[in-house]
1. So, in the range 32-52, exactly how many residues are at pLDDT below 95 and hydroxyl-bearing (Ser, Thr, Tyr)?
2. Which ones in the range 128-153 are assigned to a strand (DSSP E or B) and on the phi > 0 side of the Ramachandran plot?
3. Does the range 14-21 contain any residue that is on the phi > 0 side of the Ramachandran plot, of a type outside the set (Ser, Thr, Tyr), in contact (Cβ under 8 Å) with a residue 12 or more places away in the chain and not in a helix (DSSP H, G or I)?
4. Could you grab me the full set of residues in the range 1-34 that are exposed (fewer than 14 other Cβ atoms within 10 Å of the Cβ) and closer than 25 Å to MET86 by Cβ?
5. Say whether the condition of being modelled with pLDDT under 90, under 18 Å from VAL52 (Cβ atoms), touching a helix residue (DSSP H, G or I) at 6+ places or on another chain (Cβ under 8 Å) and outside any helix (DSSP H, G or I) is met by at least one residue in the range 101-119.
6. Would you say PHE26 is assigned to a strand (DSSP E or B), within 13 Å of the chain's Cα centre (by Cα) and under 22 Å from THR138 (Cα atoms)?
7. Test MET78 against the criterion of being in contact (Cβ under 8 Å) with a residue 12 or more places away in the chain and crowded, with 20+ Cβ neighbours inside 10 Å, and give yes or no.
8. Could you grab the pairs with beta carbons closer than 8 Å, sequence gap of 6+ or different chains, first residue in the range 94-118 and touching a residue at least 12 places away in the same chain (Cβ under 8 Å), second one surrounded by fewer than 11 Cβ atoms within 10 Å (Cβ to Cβ)?
Amino acid sequence: MIEEPTFVESLNNRGYHTACIGGVGFFNKQTALSHGFPEMFNESHWETQFGVTEPKSTQFQFEKAKEIIKNCPKKRLMLFVNVSAMHQPNCFYLKDDAADSLETHKAAMRYVDSQLPLLMETFSGRPALFLFMGCHGTTYGESGYTGHRLAQKAVWTVPYAEYLKTTS
């Protein structure tokens, strides 16, 4: 039974080293709100190059993840990555597109997928739990809406992937 108030605290108490790499402003520690989630982790990272306006954000985030994995002080690791490439703007993932669209969102997802080998080749035989998440979904015309600052099913659907490595 988990008695801790958060998933992260539960893993901390069970011998995991917990780390997060933020992409959106909720991780930048520049406001009281943006301190909350990152401070749950043993270590947290946010840099401008991890942000939503950087076309190579996932590459930079995964390079930081490689550094965390290589320097992890414990055998077990939980790494949370807020994949900012899935956030608007994403029009720069398709050449000559000036506006975000479902097609540029798909191109952003293909870009993120193309960066996964950077991270996966870094495993050093330790058990690890990786969580890759956007912070929300985005509408591209569903129910007549575009964007993410609204109560709509597409916005509540958070893009994510998980990867659990239990043995070497």
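The values are calculated or read from the model by the stated rules, or taken from the named source; none is laboratory data. For clarity, every value in this text was computed on a predicted model and none was experimentally measured. Cβ sites come from the backbone with ideal geometry, for glycine too, and all protein chains shown count toward neighbours.
1. 1
2. First pass over the range 128-153, keeping only residues assigned to a strand (DSSP E or B): 128-133, 139-140, 146-147.
Answer for the range 128-153, where residues must be assigned to a strand (DSSP E or B) and on the phi > 0 side of the Ramachandran plot: just GLY147.
3. From the range 14-21, those on the phi > 0 side of the Ramachandran plot are 15; that's our starting set.
With the extra rule that they be of a type outside the set (Ser, Thr, Tyr), the set shrinks to 15.
Pick out the ones that are also in contact (Cβ under 8 Å) with a residue 12 or more places away in the chain and you get 15.
Those left that are additionally not in a helix (DSSP H, G or I): 15.
Scanning the range 14-21 turns up at least one residue that is on the phi > 0 side of the Ramachandran plot, of a type outside the set (Ser, Thr, Tyr), in contact (Cβ under 8 Å) with a residue 12 or more places away in the chain and not in a helix (DSSP H, G or I).
4. If we filter the range 1-34 for residues that are exposed (fewer than 14 other Cβ atoms within 10 Å of the Cβ), which is where we start, we get 1-6, 13-15, 30-33.
Matches in the range 1-34: THR6, GLN30, THR31, LEU33.
5. no
6. Details: assigned to a strand (DSSP E or B): no; within 13 Å of the chain's Cα centre (by Cα): yes; under 22 Å from THR138 (Cα atoms): yes.
It is false that PHE26 is assigned to a strand (DSSP E or B), within 13 Å of the chain's Cα centre (by Cα) and under 22 Å from THR138 (Cα atoms).
7. On the way: in contact (Cβ under 8 Å) with a residue 12 or more places away in the chain: yes; crowded, with 20+ Cβ neighbours inside 10 Å: yes.
Here the answer is yes, as MET78 does meet what is asked.
8. Between residues of the range 94-118 that are touching a residue at least 12 places away in the same chain (Cβ under 8 Å) and residues that are surrounded by fewer than 11 Cβ atoms within 10 Å (Cβ to Cβ), the close pairs are LEU102/GLY141.
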